[in-house]
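To keep things clear, I will list the structure first and then write my remarks on it.
A short reminder: the numbers here are calculations on the coordinates, not readings from a lab. Please read these numbers as outputs of a predicted model, since none were measured by experiment. Backbone-built Cβ (ideal geometry, glycine too); neighbour counts: all protein chains shown.
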Amino acid sequence: MPSTLMAGKRAQDWANLVLAVCLFVSPWVIGFASEAAPTWNAWIVGIVLGALAVATLSAFAEWEEWANMVIGLWLIVSPWLLGFMANVNAMWTHVILGLLVAALAAWAVWDYRHHSHA
């Protein structure tokens, strides 16, 4: 794998790790820790996203990027599916971080499929 491609993947994976930490601490920082659904969603998804980022940092696998895409899409729709869309802080936190995670995953998959990785 060319070093620039590897560097791009590493940057994407580090960004996902930062987003995972942001998501995990968001209930306290953004102020929705008193509501169970968005708080537990942020904690669980943050841990899963962080674990995938660490795994991808050690050895890239395309399926991990597809899993990140699913996680990003889940974050986007979770306020409506879990019923916390009325909490604007929690809803926008999940939607914005979901868009960022999904965009990073799409970028990583596109990058992987459009560059030599033999």
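Which whole-Hz ³J(HN,Hα) couplings does the range 89-94 yield from phi under the Karplus relation 6.51 cos²θ - 1.76 cosθ + 1.60, θ = phi - 60°, glycine and proline marked x?
Karplus values, whole Hz, x for Gly and Pro: 4, 5, 4, 5, 4, 5.
To the nearest 20 debye, what charge dipole does the chain have about its Cα centre, counting +1 at the Cβ of each Lys and Arg and -1 at the Cβ of each Asp and Glu?
The dipole magnitude comes to about 100 debye.
Starting from the Cα-Cα distance between LEU73 and LEU99, subtract it from 0.36 nm times their residue separation and give me the gain in nm to one decimal.
Going from the current span to full extension adds 8.6 nm.
Using only Cα atoms, find the angle between the long axis of helix 3-26 and the longest principal axis of the chain, and express it within 0 to 90 degrees, rounded to the nearest 10.
The angle comes out near 10 degrees.
Which one, (i) -0.41, -1.00; (ii) -0.35, -0.81; (iii) -0.35, -0.94, gives log10 I(q)/I(0) by the Debye sum over Cα atoms at q = 0.11, 0.18 Å⁻¹ as derived from the coordinates shown?
So the calculated entry is the one marked (ii).
What is the range 20-84 by shape, rounded, prolate or oblate, if you read a ≥ b ≥ c off the alpha carbon gyration tensor as root eigenvalues and call it rounded for a/c under 1.5, prolate for a/b larger than b/c, and oblate otherwise? Working shown, then result.
On the way: a/c = 3.52, a/b = 1.72, b/c = 2.05.
Note, shape of the range 20-84 comes out oblate.
Mind pulling the angle between the C-alpha long axis of helix 36-58 and the longest principal axis of the chain? Nearest 10 degrees, somewhere in 0 to 90.
Once rounded, one gets 10 degrees.
Tell me the angle of helix 62-81 to the major Cα principal axis of the chain, expressed in degrees between 0 and 90 and rounded to the nearest ten.
The angle comes out at about 20 degrees.
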